[in-house]
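Notes follow the structure.
The values are calculated or read from the model by the stated rules, or taken from the named source; none is laboratory data. All figures in this text were calculated on a predicted structure; none of them were measured in a lab. Cβ sites come from the backbone with ideal geometry, for glycine too, and all protein chains shown count toward neighbours.
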Amino acid sequence: MNERTLLGNQAVVRALADRLSKCPQVTRHDKGDEKEAGTLAHAFGDLEESFRTFLDGQLPRLMNDQASPEELYDALLDIGEEFRHILYHIYDPKFYSYLRNQSDA
């Protein structure tokens, strides 16, 4: 686990889920066994990892003065896939459902 990682292990993610489960604005989105607090905590962990991947790995590839056009293109494609993963974890939690229509604006 990177020292900058906040949500790098399952115990911390579970603790965050427990904390979020005390928030009625979160729990109103629960559906049966699907607990919104757990969905949010998991999403935040994956988002943290994706943001670090972008900032620490992919963005430096674009900043490399020695990168060929093909390497830059590959980096752009990799970034697009990371952004797809980020969007999934933004749109998956019901708590943030209001964001879904923002992309149509």
Practice task
Output the residue which, of all residues in the range 19-67 that are charged (D, E, K, R) and closer than 23 Å to Ile79 by Cα, is farthest from the chain's Cα centre (by Cα).
Solution key: Asp65
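Please return the ranges of helices (runs of 4 or more DSSP H) entirely within the range 20-105 where 1 or more residues are buried (at least 16 other Cβ atoms within 10 Å of the Cβ), in contact with a strand residue (DSSP E or B) (Cβ under 7 Å, 6 or more places away or on another chain) and modelled with pLDDT under 95.
Values: elements: 24-27, 36-53, 59-63, 69-91.
The helices (runs of 4 or more DSSP H) meeting that bar number zero.
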Exercise for the section: Please enumerate the residues belonging to the range 1-19 that are surrounded by fewer than 13 Cβ atoms within 10 Å (Cβ to Cβ) and either free of Cβ contacts under 8 Å to residues at least 40 places away in the same chain or assigned to a helix (DSSP H, G or I) (or both). Expected result: Met1, Glu3, Asn9, Gln10, Ala11, Asp18, Arg19
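Conditions tested, residue by residue: (1) of a type in the set (Phe, Trp, Tyr); (2) farther than 16 Å from Tyr88 by Cβ.
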{"position": "Ala17", "(1), (2)": "no, yes"}
{"position": "Thr39", "(1), (2)": "no, no"}
{"position": "Phe44", "(1), (2)": "yes, no"}
{"position": "Phe51", "(1), (2)": "yes, no"}
